[in-house]
Amino acid sequence: MKSAPFDYVLARTVTEATATLAQDRRNAMVIAGGQSLVPMLNLRMALPDLLVDIGRLDELKATSATQEALQLGALVTHADIEDGAVPDPFGGLLRKIAGGISYRTVRHYGTIGGSVALADPAADWPVVLLALGAAARIASPAGSRSQSVDDFIKGQYATSLAPEEIIVGFDIPIPGARMRWGTSKVVRKSGAFASSIAVVVEQGDGDFAAAALGAAGPRPCLLPTTAQGLRSRAPQEDLRAMVADDLTALALDGDPYLTRLHTSTIMRAVREMRQR
């Protein structure tokens, strides 16, 4: 199939993009890399009246790093991160995540902003940004705002974005102490979205720890009991019980397979982290 007819605007600035979205009250959608939206258009799962293309906005491709935070533009591609074209002050975590997304062609065009804006519960970037405590920078005709990724993603394919808003970038806090991390991802076939994905991080000597899980519900989530176990250096079996408590809170419909799957994913990520 091919897409239904739609109008198209190539935005020259962020201001023009948000103004177009605000002024045109039809069903408008934003496109950048198009790796998720174009297939949805062709299958007619998405039926916009207007596409606003922000893919050529160099201001959304900028990156910078201070002592406090790494700032990534929304149009930074997965391949940019995989290839080391942007800083990775997290010991290679961002590069590993980027290199595990789909196929190289998708990574060449797909963007970090598009991944988060889509809010697929099995996507990679929302999980890692959640674990790192990142915030999204959002622009609208009224100005800009910042919101934690945890609050930004509301559910399956649902975010806090208003119709006239676009993501312009992300601020990721840089740890002030040595950080260790571990990841694990289960996919049914190469290049597919995850059936389960976990990211765990730990800073300093138990100063901070976080555990995030994706593909286990309508949105990625933090695992507070598991994080507490990481901070207290809980042994493996005690930590497994803490993981079980977090998974119970997620209400996986009592499915023993899903419980074993997500438990295994989290524990593999923990083992990788503790071996660093």
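Placing unit charges on the Cβ atoms only, positive for Lys and Arg and negative for Asp and Glu, gives the chain a dipole magnitude near 740 debye about its Cα centre. Mean sequence separation of contacting Cα pairs (under 8 Å, at least six apart), scaled by the length of the chain, corresponds to a relative contact order of 16 percent. Each peptide in 63-70, 222-229 gets a packing score, the mean of other Cβ atoms within 10 Å over its residues, and the list from highest to lowest is 222-229, 63-70. Highest-first packing order for the peptide set 22-34, 183-195 is 22-34, 183-195, based on the mean count of other beta carbon atoms within 10 Å. Each of Ala135, Leu261, Ala74 was placed along the dipole of the chain (beta-carbon charges, centred on the mean Cα), and the one lying farthest toward the positive end is Leu261. Rg and Dmax, both from the Cα atoms of the range 189-254 and both in Å, are 12.9, 38. Figure legend: label point modelled 7 angstrom from the Cα of Ala19 along Cα→Cβ; no residues of the range 152-171 have amide N under 11 Å from it. Neighbours of Asp207 by Cβ distance under 11 Å: Lys/Arg scored +1, Asp/Glu scored -1, total 0. Each other residue within a Cβ distance under 13 Å of Ser144 adds +1 if Lys or Arg and -1 if Asp or Glu, for a net charge of -2. Looking at the range 24-133, the DSSP beta bridges with both ends there are about 50 percent antiparallel.
Using Cβ counts within 10 Å as a stand-in for footprinting exposure, how do Leu43, Leu252, Leu94, Leu247 rank, fewest first?
Details: Leu43 11, Leu252 16, Leu94 27, Leu247 22.
Listing Leu43, Leu252, Leu94, Leu247 from fewest to most nearby Cβ atoms yields Leu43, Leu252, Leu247, Leu94.
For the chain, return all DSSP H helices satisfying: extent of Cα atoms along own axis at least 15 Å; mean Kyte-Doolittle hydropathy at least -0.5. Don't skip to the answer; put the middle values down first.
Values: long enough: 236-250 (21 Å, 0.01); 256-274 (27 Å, -0.45).
Span-like helices, by this rule, are 236-250, 256-274.
Rounded to whole numbers, the Karplus 3J(HN,Hα) couplings from phi for the range 63-75 are 10, 7, 9, 10, 5, 9, 8, 9, 10, 10, x, 4, 9 Hz, using 6.51 cos²θ - 1.76 cosθ + 1.60 with θ = phi - 60°, and x at Gly and Pro. Does the range 1-79 come out rounded, prolate or oblate, given a ≥ b ≥ c as the square roots of the eigenvalues of its C-alpha gyration tensor, rounded meaning a/c under 1.5 and, failing that, prolate meaning a/b above b/c? It is oblate, given that a/c is not under 1.5 and a/b is not larger than b/c.
State, as an integer percentage, the relative contact order of the range 63-172 based on alpha-carbon contacts under 8 Å between residues 6 or more apart. Each step should come with its number before you reach the end.
Working: 187 pairs, mean separation 31.9, N = 110.
Reported as a whole number, the value is 29 percent.
Each reported figure results from applying straightforward, stated rules to the coordinates on display, with no laboratory input. Since the structure is predicted, the reported quantities are computational estimates derived from the model, not experimental observations. Every residue, glycine as well, gets a Cβ built from its backbone with ideal geometry; the counts of neighbours run over all protein chains shown.
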